[in-house]
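Let me begin by presenting the structure, written as C-alpha cells, before commenting on it.
The values are calculated or read from the model by the stated rules, or taken from the named source; none is laboratory data. Note that the coordinates shown come from a computational prediction; the quantities given were computed from them, not determined experimentally. In this analysis, Cβ positions are derived from the backbone assuming ideal geometry, glycine residues included, and neighbour counts consider all displayed protein chains.
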C-alpha cells in the first residue's frame, strides 16, 4: 500500500507526531540504557525497562511467555496496515 492510500486512516496531527516521537525516543533510550548496563555487568540491567513499563502500566503478567507478547504486538500493526 502506498502512503497516499494509508494517509486518511492514519493521519496524525503535528502535536500527536511530536508526542509519538518523544515517547519512542524515551523508550529507545531506556532500551539502550539496559543494554549498556548488561555490558557493564550491572546486577539488574533490566531495571530501566521494568521501571519504564511500570510507569506506563505495561508490565507483563507474571508467567507471560515472551513469544506470545511479541505476537500480540504484531497483530495491531498488521491490522492498521490492512494486512489482517
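Things worth noting here:
- Looking across segment 38-50, the residues that are surrounded by 12 or more Cβ atoms within 10 Å (Cβ to Cβ) and out of contact with any helix residue (DSSP H, G or I) (no Cβ under 7 Å at 6 or more places or on another chain) come down to 38, 42, 47, 50.
- Residue check, residue 79 modelled with pLDDT of 95 or more and within 28 Å of residue 12 (Cβ to Cβ): no
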